[in-house]
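Okay, structure first, notes after.
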Amino acid sequence: MSSDATTAQEALTFTDLGLSPKVLSAVTDAGYTKPTPIQAGAIPHALLGKDVLGIAQTGTGKTASFVLPMLTRLEKGRARARMPRTLILEPTRELAAQVEENFIKYGKNHKLNIALLIGGVSFDEQDKKLERGADVLIATPGRLLDHRERGKLLLNGVEILVIDEADRMLDMGFIPDIERICEMIPFTRQTLFFSATMPPEITKLTEKFLHAPVRVEVSKAASTATSITQRLVKSGSKPWDKRETLRNLIKAEDSDLKNAIIFCNRKVEVSELFRSLLKHDFDAGALHGDMDQRARMQMLANFRDGKLRYLVASDVAARGLDIPDVSHVFNYDVPIHAEDYVHRIGRTGRAGRSGKSFTIATRSDTKYVDAIEKLIGTKIEWHDGDLSTVTESEGEDSPRRGRGTPRRAGRKDEDRKGRGERKKERHARHGEDEMPETAREEQPVAEVADIAERRVRKDAIRSENDRKGSANRNEQRGNGRSQRDHNRPARHRQEEDDATVGFGDDVPAFMRIVAKV
């Protein structure tokens, strides 16, 4: 974009974009006067009914880029029962609920019915909203298809389709669902795609859903905001090393830290780190995909309202969540997918504010760090020296030896020696006197003999009991056999007398024949 075009765009106000008076009034009441670059570039095209592919950094107002023109276009017409007029697809429940909040805020001068279809909520309540007729339907793909298969939803009245966080929707297994949903929607619909990242392979997929789209790219794809200070922090690879590194980092940043989101790669790590922070008296909450929907929303509300200072979260909180004033982001784990880094740190430094992000890295994270730096096109500075300064013991990634893992040849004596050394260290750490070798060799003989004698007596008693029990069983078996012999014909008794020794009473017939021969 040329400098003249940039200057002209900066001079634009919302009144220059063609929005309706009702929408402009709500925007003014919300305290906004100038649109962000993505809003200024996308809203005019969306109002004309064109397909739009919008790419911009996270935290630049992409949600309003489709909410505001949709509200203007929805002022004409009315929804019918079970036939929504517009459809917005979101990858997570939290994002869907957040978009609903935007429609409520900017649509306060409109009498629109808004239906939110997400998991973790009763079907009945959602069905009632669909029966009244939904002007705006906001949904996650799975719950939308559930309602469709139950016969509670018709999509042939959809005029506008919005796919938010398009790269995630298409890249995380939603492609089949999106294709099914698009087949249910009229071909003449308007489609809007918005995302912070748009790799080339994902752009090719958008050709299936967009028709002659206007590409609005106001910043380099996958770039990070310049208002965010980014740092890498070295750490040992063990969980306790990383937890200690995080605690020290939080304490060092305490004077500038208002609140922080701490990202982990896995749900189990979210739970473990959450418990560890509570144990060390940090005011923390947790958020991941396995939590009940009500608990997730309550946790987000508490963090947004300042009741929690730290939120330990999986990537469910990395996409599009609008918590305006987050001062810090800590990546407890380096994200495996480089694009996730952009979304994670985008939770801070929003709307021009300054923010800080710290990413804890171990030796095994080197390739992921390299991928992130390649994606964002810049080197990330180290906070306190790079990984070359990590000592060998801190950097070891030796896995625990599980069952079935072979011991390395020639190391038996070393392992035994190592165990002895570790035992000595343990005694020293706990302030115990180290037991000399001679003392261990000169343990009281009487004590050892007493233990052995008790064990011998116990074995003798067990053997005697076994012998008596065996004799009783044989006697009972003999009595029973005598009674059966008396009642059976002589032929059977003769066959049993000739039976092979060692098989008891029930000898197979073929073995009896062999015994006779």
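Brief remarks on what is shown
- Considering residues of the stretch 264-286 that are in contact with a strand residue (DSSP E or B) (Cβ under 7 Å, 6 or more places away or on another chain) and not in a helix (DSSP H, G or I) only, the residue surrounded by the fewest Cβ atoms within 10 Å (Cβ to Cβ): Asp283
- Residue match in the stretch 43-54 (condition: modelled with pLDDT under 90, hydrophobic (A, V, I, L, M, F, W, C) and touching a strand residue (DSSP E or B) at 6+ places or on another chain (Cβ under 9 Å)): no
- No other residue among Leu53, Leu95, Leu87 is in contact with a Phe, Trp or Tyr (Cβ under 6 Å, 6 or more places away or on another chain) and either closer than 23 Å to Pro199 by Cα or buried (at least 24 other Cβ atoms within 10 Å of the Cβ) (or both) apart from Leu53.
- A residue that is out of contact with any helix residue (DSSP H, G or I) (no Cβ under 8 Å at 6 or more places or on another chain), modelled with pLDDT under 90 and under 19 Å from Lys307 (Cα atoms) can be found somewhere in the stretch 287-296.
- Checked against (1) of a type in the set (Val, Ile, Thr); (2) modelled with pLDDT under 90; (3) under 26 Å from Ala252 (Cβ atoms), Thr405 passes all but a single condition, namely (3).
- Within the stretch 127-143, tally of residues that are more than 25 Å from the chain's Cα centre (by Cα), part of a helix (DSSP H, G or I) and surrounded by fewer than 21 Cβ atoms within 10 Å (Cβ to Cβ): 5
- A Cβ distance below 8 Å, combined with a sequence gap of six or more or placement on separate chains, defines the contacts here; from the stretch 30-47, residues that are free of Cβ contacts under 8 Å to residues at least 24 places away in the same chain reach no residue that is surrounded by 24 or more Cβ atoms within 10 Å (Cβ to Cβ) and of a type in the set (D, E, K, R).
- Count of the stretch 105-140 residues which are touching a residue at least 40 places away in the same chain (Cβ under 8 Å), farther than 20 Å from Thr92 by Cα and not charged (D, E, K, R): 8
- Looking at Arg247, Arg180, Arg243, just one residue is part of a helix (DSSP H, G or I), of a type in the set (Lys, Arg), surrounded by fewer than 16 Cβ atoms within 10 Å (Cβ to Cβ) and modelled with pLDDT of 95 or more, and that residue is Arg247.
- Condition check for Leu74: touching a His at 6+ places or on another chain (Cβ under 9 Å) and either without any contact (Cβ under 8 Å) to a residue 40 or more places away in the chain or closer than 23 Å to Thr13 by Cα (or both): yes
- From the options Phe193, Phe209, Phe123, residue that is of a type outside the set (Lys, Arg), under 17 Å from Ile38 (Cβ atoms) and not assigned by TED's automatic domain parsing to the domain that holds Ser357: Phe193
- Just one of (1) surrounded by fewer than 19 Cβ atoms within 10 Å (Cβ to Cβ); (2) closer than 22 Å to Ala46 by Cβ; (3) in contact (Cβ under 8 Å) with a residue 60 or more places away in the chain fails for Thr188. It is (3).
- Unmet requirement for Leu155, which otherwise passes all of (1) buried (at least 20 other Cβ atoms within 10 Å of the Cβ); (2) without any contact (Cβ under 8 Å) to a residue 60 or more places away in the chain: (2)
The values are calculated or read from the model by the stated rules, or taken from the named source; none is laboratory data. It should be emphasised that the depicted structure is a prediction, and the values quoted were computed from it without experimental measurement. Positions of Cβ are backbone-derived with ideal geometry, glycine not excepted, and every protein chain shown enters the neighbour counts.
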